[in-house]
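Heads up, the thing below is written out as structure tokens.
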Amino acid sequence: MEATEGKSRLLGLAFLIQFVTSFTSGVIVLPMATGVRGFGVPDDIGQTMANIAKNAGLIQLNIFMELVTAAGVIFLGAMLYSAVRKQHEGLALTAFGLYVTEGVLIAVTKLALFALLVLSRQFIAAGSPASLELTARLVYEVMECSSKMLNFAFCLGGTIFYALLFKARTVARPMSLWGLVSAQGIFAGVLLGLFGMKAPIFLYVLYIPFELAIAVWILIRGVKKEDYHE
Amino acid sequence: MSNSKTNARITGVLFILGTVPIIVAMTLWGQSVSSPNYLSSMAGNRVHILLYALTIMFMGLVCAGIGISLYPILKRHGEGPALAAMGFRLMEGTLQVVSAIGLVALLALSQAFVKAGSPPDSFFQSAGAAIKAVNDWVADVYLLPWCIGASIYYSIFYRTRLIPRALSLWGLLGLALMLVSTFGAMFGFMGSMSSMQILFNLPIALQEMVLAVWLIVKGYKE
């Protein structure tokens, strides 16, 4: 029983780490460092590069936090797998695989950001040549594209996990339903983005507090013990 | 029983394949990549660079294979941690494949640079510096999932005594040193592939070879 409570706490903690690192780095640190507040490649890439070169410390902090997020995603996937595998092992394993893909793509996205940091430093050192703006725009596009792909992997994996959580009643059903529905909002946003359309922000809003809410719920209330696979 | 023995042997062989070929490849073919004139020297060593990239890719697949081969043994002692360990080693393997792709991209740039008459202060230098910086950085970053994944299985090994505790403890201490050197290199406190970093990574490299031989000869303690 103690082992189950320990696992339940680990699951809550995994959600919490995920929320804190991704929210802080994505919503606070990165916009502060780049000066870019929205989605898509900024119109003035030269100014963005100047900001990045000036805020190299913040960029490195963002990269570090996102690497923690990547590790957290895999950890969370493994914990969720343990929690729901009794419902459908094949689906649970597929969802775990998608979470691993998400973790890898987070790292790849941050590699592109690191390349942008190197290019930005060279851009400033070379007196802001236009040729580097073109390369930076390309790197930014790669970063945006891999970010969409990681969200795609997350939406598929998340949908499977939340559906299995809903079925298993591992957490309160309204909670897993919230995750299930809000993940579809992100999915719609990703699909719009992949076809070059601007996704309205409300599609993402419902999911943002979800990970914090479920983390707090699990840490306080725990999970349904008999469904937690030992 | 015999399954476990076979599994231990496979894992032991994978540990050796994940370490020895890349050291050989780095010694034989890595110089032109680390040379300050990499843009001109890489183009002249096309086959070597491709072989080097292929070895990195092979290492990536082997590292992912280590995670997969350990999973059936580790899952008996906790499915969640076993899966997490496998996931982290899969992530490590994928990043190594990304690193190999980066190397091939750098080779393509180097060939284009030579074809264009090796122009000084051109776009090639900036693009090359960016790709090379990313490649060097991946070489450090992939160590992070390795550290996390390996810490999980060494903790399980230590707790369950599947291998001698001294070997597990050596692994955990070696990983702690490697983690310090990885962060040091990632954030510029230590040169990537510097003698200091190699020194920090030596204990875990040696430990893995001892573990490999142990697994091949003795297997897991049932």
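A few remarks follow.
- Residue within segment B:76-96 that is away from chain A (no Cβ under 13 Å), part of a helix (DSSP H, G or I), small (Gly, Ala, Ser) and out of contact with any His (no Cβ under 6 Å at 6 or more places or on another chain) present: no
Residue-by-condition table, conditions (1) more than 17 Å from B:GLY67 (Cα to Cα); (2) free of Cβ contacts under 8 Å to residues at least 60 places away in the same chain; (3) of a type in the set (S, T, N, Q); (4) surrounded by fewer than 18 Cβ atoms within 10 Å (Cβ to Cβ):
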site	(1), (2), (3), (4)
B:ILE152	no, no, no, no
B:THR160	yes, no, yes, yes
B:VAL180	yes, yes, no, yes
B:GLY219	no, no, no, no
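- Among the residues listed as B:VAL114, B:VAL104, the single one being surrounded by fewer than 22 Cβ atoms within 10 Å (Cβ to Cβ), more than 9 Å from every other protein chain (Cβ to nearest Cβ) and farther than 30 Å from B:GLY18 by Cβ: B:VAL114
- Of the set (1) closer than 29 Å to B:ILE198 by Cβ; (2) at the interface with chain A (Cβ under 8 Å from one of its Cβ atoms); (3) not aromatic (Phe, Trp, Tyr), all apply to B:SER126 but (1).
- If you go through segment A:57-70 and pick out every residue that is under 11 Å from the mean Cα position of the chain (by Cα) and either buried (at least 23 other Cβ atoms within 10 Å of the Cβ) or not aliphatic (A, V, I, L, M) (or both), you end up with 3.
- Qualifying helices (runs of 4 or more DSSP H) (wholly inside segment A:128-230; at least 3 residues being modelled with pLDDT of 90 or more and in contact with a Cys (Cβ under 9 Å, 6 or more places away or on another chain)): A:173-194
- In segment A:77-128, residue nearest to the other protein chains (Cβ to nearest Cβ) [restricted to those that are surrounded by fewer than 24 Cβ atoms within 10 Å (Cβ to Cβ) and of a type in the set (Lys, Arg)]: A:ARG85
The values are calculated or read from the model by the stated rules, or taken from the named source; none is laboratory data. All values reported here derive from a predicted model rather than from experimental measurement. Ideal geometry is used to build each Cβ from the backbone, glycine not excepted, and the neighbour counts take in all protein chains shown.
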